[in-house]
Amino acid sequence: MDTPALLAKLNPAQRAAAKHQGSPLLIVAGAGTGKTATLAHRVAFLISQDVDPGRILLLTFTRRAAVEMTRRVDELLRPGLSDPGDTARPQHVAGAKVWSGTFHSVACRLLRLHGRDIGLEPEFTIMDRADSEDLMHVCRTELGLSEKRRRFPQKATCLDIYSRCVNAQERLTHVVSTRFPWCRDDIEDLAGLFDLYTERKEAQTVLDYDDLLIFLHGLLASPSGDRVCERFDHILVDEYQDTNILQAEILSLLCSHGSELTAVGDDAQAIYSFRAATVRNILEFEERFPLAQVVTLEQNYRSTASILNTTNSLMHEARERREKNLVTDRHDGSLPALACCKDETEQTDFVIERILEHRERGVALKDQAVLFRTAHHSAALEIELTRRNVPFVKFGGLKFVEMAHIKDLLAFLRLAANPRDRISGMRILGLIPGIGPKTAQDLADALDHHSGDFEGAWVGYRAPQAAAGAWPGFVTLMRGLSGAEPGDLATQVHAVRTFYAPLLSMRYDNAEARLRDLEQIESLASRYPNRERLLTELALDPPSYTQDYAGPPLLDEDYLILSTIHSAKGLEFDVVFVIHAADGNIPSDMATGSTEEIEEERRLLYVACTRARNDLYVTWPLRYYTQPYGRSDTHGYALRSRFITDNVANLCTELHIGIQECTESDGVLSGAVTTTENIRSGARKMWSREAD
């Protein structure tokens with residue numbers, strides 16, 4: 001395809017970004033301005049200019065984003081490729097050859113290729129968050145920290161502190177004093193804990209998420225780093241505002257040998273500081289890359305003008321930002337609504353009534369979303385949706401692979417891939433009836449002693465009576481898995497599922513539904529070339545688990561979307577409801593300790609509001625009861641979010657839901673002043689002659 005035709009559908013700013021050459025480029029892409037299309041066109045343009053696709057590195061924050069990007073590149077380079085009837089076209093073209101994936105998956109791939117240069121064996125396995133917490137807990141217990149007379153941080157908090165040190169490149173003392181001040185007295189013990197945690201990972205040849213980045217950084221900074229950097233001519237990064245300090249340093253090293261960098265992001269959507277991401281990376285891009293050029297995308301293709309006017313006003317009051325003003329050709333639609341409700345019950349009723357009204361007008365439930373700052377903010381709404389038979393699905397909860405039965409199944413595969421993986425070994429040995437922690441520890445030690453040979457370590461073991469029925473089959477299973485052919489992955493998962501099914505039924509409730517989940521893993525396994533690839537991708541980019549429907553789906557299989565704002569980033573809906581937009585919720589009262597935290601909360605509200613295409617409602621209850629759902633007369637009053645200033649409110653329609661009732665019965669709301677004279681005057685009516 002010739003270049004003019006390739007870029008014909010882009011607006012001038014997008015076209016300038018896609019064609020840029022010769023220096024680092026920052027594309028500041030406002031919400032709904034065609035960021036993905038611009039990045040895909042840039043990759044396609046580079047390939048059309050005879051850049052080898054294999055020398056292009058595309059970094060994203062989810063595997064699905066990388067797949068979508070390369071699919072778009074293929075469609076641009078081979079129009080009609082997606083036509084299922086066109087069987088003559090090759091199914092693997094230039095876009096598929098691009099190095100693409102998340103920071104962690106690309107790090108994993110490079111470490112398997114070059115890890116030996118820094119002493120890392122390529123057979124390492126990757127621990128997910130839960131496995132890392134478990135190993136941290138083992139180390140915590142081994143050091144006797146769980147037996148201290150005063151409270152010591154739990155395993156999840158310890159891992160949070162460790163991860164913050166690594167990703168933010170901050171000293172332990174600084175992290176604790178600024179982020180975890182209640183742990184100040186534990187700094188010395190935490191340092192010892194992290195040392196042991198690091199030693200255990202080394203001994204077991206396992207890496208956690210953070211290790212993938214620090215090992216890649218170490219590789220790039222080593223004498224062997226040149227070989228890695230020379231692989232790439234162009235590096236493109238999506239969602240640059242979500243990078244942390246360590247990732248920014250990795251990019252600097254990757255580009256140090258002449259690779260051309262393109263970063264795409266929006267400072268107004270930087271909302272992941274709790275993961276150590278820093279908005280400073282995008283705000284200070286030119287300081288890190290002095291020759292950089294900046295292109296700003298302001299043409300919005302998602303929202304109506306009235307919604308954009310409101311969200312622009314919201315961000316104009318930010319303390320620090322990159323200048324941009326989103327515009328659109330869409331001048332239809334109504335003003336956003338700000339709804340102050342009497343209490344949470346009134347808020348719930350209002351939201352559901354509006355949802356059903358939009359549904360009657362032809363807006364499917366799937367095209368409507370209710371967004372909230374924290375998962376528990378939807379509790380009352382979920383109960384009422386269920387009562388009214390409105391099906392919904394909720395995002396922002398557990399990941400699919402964090403469920404116990406999924407972790408059990410994957411632990412079999414992980415131990416077969418790496419017999420030194422002590423966490424996986426202890427997990428599955430503990431599933432066998434009659435084998436307790438001490439016996440499991442001895443069996444794991446025996447496996448280490450026999451260098452991972454399952455037959456030599458376990459065949460001669462005399463299992464206790466309770467384990468006698470399961471033990472021979474278990475040893476046979478592990479021997480088979482360790483020697484299985486790489487391409488026979490679905491058969492391996494089937495063998496694990498067959499052995500594990502009766503154990504699952506004994507350990508967990510709702511066994512039938514859990515067994516269906518295992519069938520999904522078996523089906524998924526058939527798409528992967530080998531066990532290593534499956535385990536890596538499930539660890540680095542697991543599918544999300546969502547709540548079941550509230551009751552059976554309706555005949556049209558439609559359902560409402562409930563989501564935390566963080567989980568909704570990158571999505572869009574025809575109608576959006578942002579609930580509990582009261583000060584203390586947005587911003588969260590736990591995130592007002594610094595100007596930086598408050599500014600991120602502003603960006604969080606901005607992200608929520610910019611998900612809306614056609615209609616936007618922002619609601620908050622005036623009253624919050626001390627007991628849920630109004631079962632108590634004790635209550636406090638809430639103020640609307642400080643981010644909804646008068647300037648923002650003037651661009652919206654203001655509604656008062658159930659407030660009239662409050663006004664008549666509550667002098668505080670109506671502005672009336674209650675005094676002893678008022679009370680006496682009211683009493684006088686009982687005997688006043690005028691009343692007759």
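Are any of the residues in region 279-292 within 18 Å of Pro587 (Cα to Cα) and out of contact with any His (no Cβ under 8 Å at 6 or more places or on another chain)? Yes, the conditions are met somewhere in region 279-292.
Whenever a residue of region 288-312 is without any contact (Cβ under 8 Å) to a residue 24 or more places away in the chain, its partners that are assigned to a loop (DSSP other than H, G, I, E, B) and surrounded by fewer than 16 Cβ atoms within 10 Å (Cβ to Cβ), lying with C-beta atoms within less than 7 angstrom and at least six residues away or across chains, give the pairs Asn312/Asn325. Residues that are open to solvent by less than 10 Å² (accessible area, probe 1.4 Å), modelled with pLDDT of 95 or more and more than 31 Å from the chain's Cα centre (by Cα) within region 1-60 are absent altogether.
When you scan region 381-393, do you find a residue that is under 30 Å from Asn650 (Cβ atoms) and either surrounded by 15 or more Cβ atoms within 10 Å (Cβ to Cβ) or not aliphatic (A, V, I, L, M) (or both), even just one? Reasoning before the result, please.
Our first condition is that a residue be under 30 Å from Asn650 (Cβ atoms); within region 381-393, this holds for 381.
Those left that are additionally either surrounded by 15 or more Cβ atoms within 10 Å (Cβ to Cβ) or not aliphatic (A, V, I, L, M) (or both): 381.
Yes: region 381-393 contains one or more residues that are under 30 Å from Asn650 (Cβ atoms) and either surrounded by 15 or more Cβ atoms within 10 Å (Cβ to Cβ) or not aliphatic (A, V, I, L, M) (or both).
Counting the residues of region 507-528 that are among the hydroxyl-bearing types (Ser, Thr, Tyr) and either more than 15 Å from Ala495 (Cα to Cα) or open to solvent by less than 50 Å² (accessible area, probe 1.4 Å) (or both) gives 2. Only a single item in (1) more than 19 Å from Asp210 (Cβ to Cβ); (2) in a loop (DSSP other than H, G, I, E, B) is not met by Leu120, and it is number (1).
Assess whether Arg184 counts as being among the basic types (Lys, Arg), farther than 25 Å from Val106 by Cβ, surrounded by 14 or more Cβ atoms within 10 Å (Cβ to Cβ) and at pLDDT 90 or above.
Numbers: among the basic types (Lys, Arg): yes; farther than 25 Å from Val106 by Cβ: yes; surrounded by 14 or more Cβ atoms within 10 Å (Cβ to Cβ): no; at pLDDT 90 or above: yes.
The answer is no for Arg184.
Among the residues of region 564-577, write down those that are β-branched (Val, Ile, Thr) and either closer than 16 Å to Glu346 by Cβ or open to solvent by 10 Å² or more (accessible area, probe 1.4 Å) (or both). Spell out the reasoning first.
The initial filter retains those residues of region 564-577 that are β-branched (Val, Ile, Thr), namely 564-565, 575-576.
If the condition is that a residue be β-branched (Val, Ile, Thr) and either closer than 16 Å to Glu346 by Cβ or open to solvent by 10 Å² or more (accessible area, probe 1.4 Å) (or both), then Thr564 is the only one that fits.
Residues of region 300-312 that are within 27 Å of the chain's Cα centre (by Cα) and either over 17 Å from Ala31 (Cα atoms) or of a type outside the set (A, V, I, L, M) (or both): Asn300, Tyr301, Arg302, Ser303, Thr310, Thr311, Asn312.
Residues in region 253-269: is at least one touching a Cys at 6+ places or on another chain (Cβ under 7 Å), surrounded by fewer than 21 Cβ atoms within 10 Å (Cβ to Cβ) and hydroxyl-bearing (Ser, Thr, Tyr)? Yes, region 253-269 contains at least one residue that is touching a Cys at 6+ places or on another chain (Cβ under 7 Å), surrounded by fewer than 21 Cβ atoms within 10 Å (Cβ to Cβ) and hydroxyl-bearing (Ser, Thr, Tyr).
The conditions of being within 28 Å of the chain's Cα centre (by Cα) and surrounded by 17 or more Cβ atoms within 10 Å (Cβ to Cβ) are not met by Leu145. Looking across region 31-56, just one residue is closer than 26 Å to Asp266 by Cβ, among the basic types (Lys, Arg) and touching an Asp or Glu at 6+ places or on another chain (Cβ under 8 Å), and that is Lys35. Look at region 580-595: where a residue is open to solvent by less than 20 Å² (accessible area, probe 1.4 Å) and a partner is among the small types (Gly, Ala, Ser), sitting 6+ places away or on another chain with Cβ atoms under 6 Å, you get Ala581/Ser641; Ala582/Ala638; Ile586/Ser641.
Which residue, of Ala191, Ala203, is under 17 Å from Arg420 (Cα atoms), loosely packed, with under 14 Cβ neighbours inside 10 Å and among the small types (Gly, Ala, Ser)?
Numbers: Ala191 fails: under 17 Å from Arg420 (Cα atoms).
Being under 17 Å from Arg420 (Cα atoms), loosely packed, with under 14 Cβ neighbours inside 10 Å and among the small types (Gly, Ala, Ser) holds for just one of Ala191, Ala203, which is Ala203.
The values are calculated or read from the model by the stated rules, or taken from the named source; none is laboratory data. Everything numeric in this text was worked out from a predicted model, so none of it was measured. Backbone-built Cβ (ideal geometry, glycine too); neighbour counts: all protein chains shown. Surface areas here come from the heavy atoms of the whole protein model, side chains and all, with no ligands, DNA or RNA. Shrake-Rupley method; radii C 1.70, N 1.55, O 1.52, S 1.80 Å.
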